[in-house]
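Notes follow the structure.
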Amino acid sequence: MNHIFRSIVVCVAILACGFSSQAQFGSISCTKRPFTTRVAQIDQLENSTVFFFEYHNDGQRYMNVYEDIVVRDSTGKTYPLLNSYNMPLSDEDHSHQLVLNPDQDHRFALEFEHVPLNGPIDIVESEGNTRALNFYEMEVDSTEQCSPINYDEWVKGYPVKEQGFYMTDGEVVQYMSYKGLVLTAHIQETKEYGHYYTIDLDVQNYSNKDVLLDPARITAKSYIPKKKKEMNMKVLSAEDYDKRVKRTQNWNMALLIAADVALTAAAIAIDADTEKDHRKHDRPGPPPRHHGWHPAHYSYHPYYRTDHYRSRYHSPELGGIVSVAAVAVTAGVAEGQAEKRKELQADYIKTNTIRQGDEYMGYFHIKHEKTDNLVVSIPIMGETFDFSFQWQNK
């Protein structure tokens, strides 16, 4: 009896050791699991249980885990997720995704509330979803323990390129982060000295080195379904855009000067005709008119003349004043346009070294073409950050 009792005590001790609060298990079986993902190890900690996963990409472009993923034991009790390591989490308010390359291998870990491992368990992200992280009837061989995983070393060669979306004032803003770089991008359609898709860009450098942002390397493409091919889109440099602004402003100034010269000439002619008509018929001539100018032609038009102003050209004393006023107004418009051009260039992205801990913000234009999608590729630090935009044309 004593011998049998001692054997029972030893078995209980082994089991207690196997499922103690501090143990690591690498021998794991599973009846049904995602065929590209496996649980490499389970570490039983004092207050939580960590599952270490290895994943091979089979053609997916993105991957994430939803916060409401649980572990379920054989009694149906569930254990919620505490932390995710090297795998973006998503919920209904925020979308965060791991951006995958073809045939990419990845490692990540999920930490749940302390899960008893003395029976079959399930990991359930989305019941019935074949793409979800669902594992059924997983069992641990407690007789085979292994060494704890050094997490930093284990994921060292598997950094995450993460992409996410959030809303600001009803607008979708995208971000991507990788190796300490965080890029944020927002698209809008603008009509200022041309018709463009405008990208507002923010780059934050939390890496351990300075990085170079070279706008000349930024590219944009759009897929055209009717032609079943991609179309390269024109990305304007700061110099390209400045030339367009300058050219438009020069044309606007030419129109304004021509209008003022015509108006002055008309006023002088009317003054002479009025004086002549006054001598002959004792009545004023017709009010002045000029054609070919309208404020809508202007990208920048700080003032408008009124009919009341034009009617005053009947006065013979205003001929000289019109010429002086025209010069003053033209000079004012030129100064205003110069300020506008300077302002537009100040925020347009240019080649910059972004130092560690620094942030750089600006915008750039893509020439407008009729489409409803864009992929904007921004190379930096040896990596390419691809931002995909889609919209519905009105």
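The ranking of 177, 377 by Cβ neighbour count inside 10 Å, starting from the fewest, reads 377, 177. How high is the FRET efficiency from residue 60 to residue 334, r the C-beta distance, R0 56 Å, rounded to 0.05? Calculated value: 0.50. Once the Cα-Cα distance is subtracted from the 0.36 nm per residue extended length, the residue 173 to residue 192 segment shows a gain of 4.7 nm. Projecting label points 7 angstrom from Cα along Cα→Cβ for residue 239 and residue 45 puts them 5.5 nm apart.
Specify which residue in the list 149, 118, 130 is farthest towards the positive end of the charge dipole of segment 20-154, using unit charges on the beta carbon of Lys, Arg (+1) and Asp, Glu (-1), about the Cα centre. Of the options given, the answer is 130.
Computed extension gain for residue 114 through residue 208, at 0.36 nm per residue and net of the alpha carbon distance, reaches 30.2 nm. Of the trypsin sites (Lys or Arg not before Pro) found in segment 110-175, those that fall in a DSSP loop while having at most 15 other beta-carbon atoms within 10 Å are 131, 156.
When each of the peptides 165-171, 197-203, 355-361, 113-119 is scored by how many other beta carbons lie within 10 Å of its residues on average, the order from highest to lowest is 197-203, 113-119, 355-361, 165-171. Modelled spin-label separation between residue 217 and residue 36, with each label point placed 7 Å from Cα along the Cα-to-Cβ direction: 2.8 nm. Positive contributions from Lys and Arg (+1) and negative ones from Asp and Glu (-1), summed over other residues with Cβ under 13 Å from the Cβ of residue 37, come out at +1.
Computed extension gain for residue 393 through residue 346, at 0.36 nm per residue and net of the alpha carbon distance, reaches 13.9 nm.
Between residue 229 and residue 372, take the C-beta separation as r, use R0 = 22 Å, and let me know the FRET efficiency to the nearest 0.05.
0.90
We did not get these values from a lab; they are worked out from the coordinates using the rules stated. All values reported here derive from a predicted model rather than from experimental measurement. Neighbour counts are summed over all protein chains in view; Cβ atoms, including those assigned to glycine, are modelled from backbone coordinates with ideal geometry.
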